Amino acid sequence: MPTVINAKSVTRNVAWSVLSKTGTFGLKFVTVPILARVLSPEEFGAVAVALTIVQFLAMIGGAGLASALIIQRDEEMETIHSVFWANLAISCLMALGLYLWAEEIATLLGAVEAAYLVKLMAFLIPLQLSGDVAYALLARRMEFAKDALWSMISESAGAVIALVLALAGFGVWALVAQLFLSAVIRLAGLYAVSRYTPRLVMSPRKVLALSRFSLGMMGSEVANFVTFQSPMVVISRHLGLADAGAYSAANRFASIPNQVVLSAVMGVLFPAFSTMMEDRARRSSALMLSTQVTTVLLAPMMFGLWALAEPAMRVLFGAQWAYAWPVLGLLALSKGILTPCSTFVPYLKGIGYGGTLFWWAILRAVITTAAVAYGAMTGGLVDAMVWLCVVNAVVLVGYSRVVFRADEMSFLKGFFICCRPMLTAAIMAVVVRLLLDHYGSLVPNQVLQLIAGAAIGGLLYALLVLATERALISRLMEFVHRRRAPAVEVPAE
């Protein structure tokens, strides 16, 4: 790696990434409910189905080549240029194929009404893949602050234009404009800050040399994508666009905390863990600390959203979405169950367990798709979400066993330490939910119910964390003091 990676550099880059995601969190917290009030569930569902197809093909098109660039020892320009042209050629071919067979693909997914959107959004594939090489160069150099800035600018501009167009009556085109504007701005920004200029250089030999690693990465990423997106496809096909729209809106909102923390942390931890591959003690310490911290941050958000799902859905999304509050609560619960797994994927990638990660990702994708389909066909949308929670509980145990075996740590010890903050958050959420069920009628205003529940939950969780995570708090305080302490000069002999 060309850049020295240590605790200070990792902390700094995680901070920048989290700051970027936090900035966009504020906008999405406002824009998603407003868009949900202006647009219909069918419009949300149509865009969600089209975007799922585009993102899937974009993931295959990249073939993991840009990820392979991140772990290369040197920035060898012939390889970098070759990856750029390979990505561009593959993405253009995929965009053309999607455009030509848009109607057949949309029909297969039970969303024939979205065929025209699939055609239009096919052009997003080259826009997304063209920036992969520039991002890989920034990741190699641990220059996540630059990526964070342009991510914030692009997401903000997209959110603003979507709001303006939606309020002006442009309907579904508001969401389409958001996607294209964000993609164009981020692409331009990545090339500006990475200082990369493509040259007309292409070496198939260089691309093939990266393919062994990249194909393994692509396989696990595709399987993970299927895991996260298969519920949308299953719901659209078996329950219709209205339920797909309800799922999409609830999932967008429930995913905001994950986008703030996980997407920021995971991008930094992958190159960081790769430098610790041969140092078991160091990587084990980093794994446990990063897992505990992310779980302490994420678990109360997700379990708290489960506890407050009913007033939250009514206040934020409006009366037309009120029926979907159990979907929002169960989605938050399913994501909360997986919070200890937040660092497991970059850990397994970084220490060279790509094959293990691939097979577990495949297994998870198959089980998730089957369980959600069973719930949708035998019950409905809520039953599908219940089965998603069950599957994620099984996945938590399975991934934990794989990771702690790779780390040569006792499973029970590691599992307890990593899940303890999640259990604390679950206790807090159950208490808040019981209080809301029994005494919510005393606060007839749902806005006040939401505020009171959040305040009580926050205070209770803080007290529980102080009681159960003293060792973690002490370690973090020690780390902060050590960073602030001035360097001591050693006098010359």
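Data overview
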read-out: For region 232-255 versus region 299-345, the gap between their alpha-carbon centres in whole angstrom; value: 14 Å
read-out: Between region 417-481 and region 374-391, the alpha-carbon center distance in angstrom; value: 28 Å
read-out: Ellipsoid equivalent to region 40-182 - semi-axes via the Cα gyration tensor, in Å; value: 30, 20, 10
read-out: Per-peptide average of other Cβ atoms within 10 Å, ordering 146-156, 465-475 highest first; value: 146-156, 465-475
read-out: Order of M232, M428 under a 10 Å beta carbon neighbour criterion, fewest first; value: M232, M428
read-out: I367, I80 arranged by Cβ crowding within 10 Å, fewest neighbours leading; value: I367, I80
read-out: Unsatisfied cross-links (Cα-Cα over 31 Å) in the set K146/K349; K349/K413; K146/K206; K119/K206; value: K119/K206
read-out: Unit Cα scatterers, Debye sum, region 276-484: log10 I(q)/I(0) for q = 0.09, 0.11 Å⁻¹; value: -0.42, -0.62
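Each reported figure results from applying straightforward, stated rules to the coordinates on display, with no laboratory input. It should be emphasised that the depicted structure is a prediction, and the values quoted were computed from it without experimental measurement. Positions of Cβ are generated from backbone atoms using ideal geometry, with glycine treated the same way; all protein chains shown enter the neighbour counts.
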